[in-house]
1. Out of 111, 137, which single residue is in a strand (DSSP E or B) and either modelled with pLDDT of 85 or more or buried (at least 19 other Cβ atoms within 10 Å of the Cβ) (or both)?
2. Within segment 96-111, does at least one residue satisfy the condition of being closer than 17 Å to residue 2 by Cα and under 14 Å from the mean Cα position of the chain (by Cα)?
3. Please find, within segment 114-128, the residue that is farthest from residue 15 (Cα to Cα) out of those that are surrounded by fewer than 19 Cβ atoms within 10 Å (Cβ to Cβ) and without any contact (Cβ under 8 Å) to a residue 60 or more places away in the chain.
4. Which of the residues belonging to segment 55-78 are farther than 12 Å from residue 99 by Cα, modelled with pLDDT under 85 and outside any loop (DSSP other than H, G, I, E, B)?
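The values are calculated or read from the model by the stated rules, or taken from the named source; none is laboratory data. In this text the structure is predicted, and so the values were computed from the model without any measurement. Note that we place each Cβ from the backbone using ideal geometry, even for glycine, and neighbour counts take in every protein chain shown.
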């Protein structure tokens, strides 16, 4: 499940980015729902909200560390939890999608523009949703462990 989800995210992310690069000039915007949702081609050389612009080398290193860490943790899991697999597949797929851009282009292609939020892409969405699911999963797993310890200690 993790690998299939990861591959689907990378493939669709790169496909959408290819379509944007092929059909838009940087900064060009196409209203899908006027003043609500636009397709806007942005070349993002920084992190979220444009933080640390032009530091692709740093983002490549951080992304590689995250990817290696998640693969390592995933391989060491002693049990088969579908929520963890879902979260990992989303984070890994999104991270790899944006890593491909940074290595190939020197920037990340963003295109989803809701006009009230900075422009982002499918990979960004996968990373955010996956991270939220991962935090919830780890929080719940930690709570269950604490509950077990409390029951044993009584």
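1. On the way: 137 fails: in a strand (DSSP E or B).
It is 111.
2. As a first pass, look at segment 96-111 and keep what is closer than 17 Å to residue 2 by Cα: 96-97.
Pick out the ones that are also under 14 Å from the mean Cα position of the chain (by Cα) and you get 96-97.
So far as segment 96-111 goes, yes, one or more of its residues are closer than 17 Å to residue 2 by Cα and under 14 Å from the mean Cα position of the chain (by Cα).
3. Start the filter on segment 114-128 by keeping residues that are surrounded by fewer than 19 Cβ atoms within 10 Å (Cβ to Cβ), which leaves 114-118, 125, 128.
Keeping just the survivors that are without any contact (Cβ under 8 Å) to a residue 60 or more places away in the chain gives 116-117, 125, 128.
Working: 116: 25, 117: 23, 125: 15, 128: 20 Å.
Taking the candidates together, the pick is 116.
4. As a first pass, look at segment 55-78 and keep what is farther than 12 Å from residue 99 by Cα: 55, 68-78.
Within this subset, residues satisfying the condition of being modelled with pLDDT under 85 are 55, 70-78.
Matches in segment 55-78: 70, 71, 72, 73, 74, 75, 76.
Residues are listed down the side, and each one gets a yes or a no for (1) modelled with pLDDT of 95 or more; (2) touching a helix residue (DSSP H, G or I) at 6+ places or on another chain (Cβ under 6 Å); (3) crowded, with 16+ Cβ neighbours inside 10 Å:
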site	(1), (2), (3)
9	yes, yes, yes
19	yes, no, no
36	yes, no, no
42	yes, no, yes
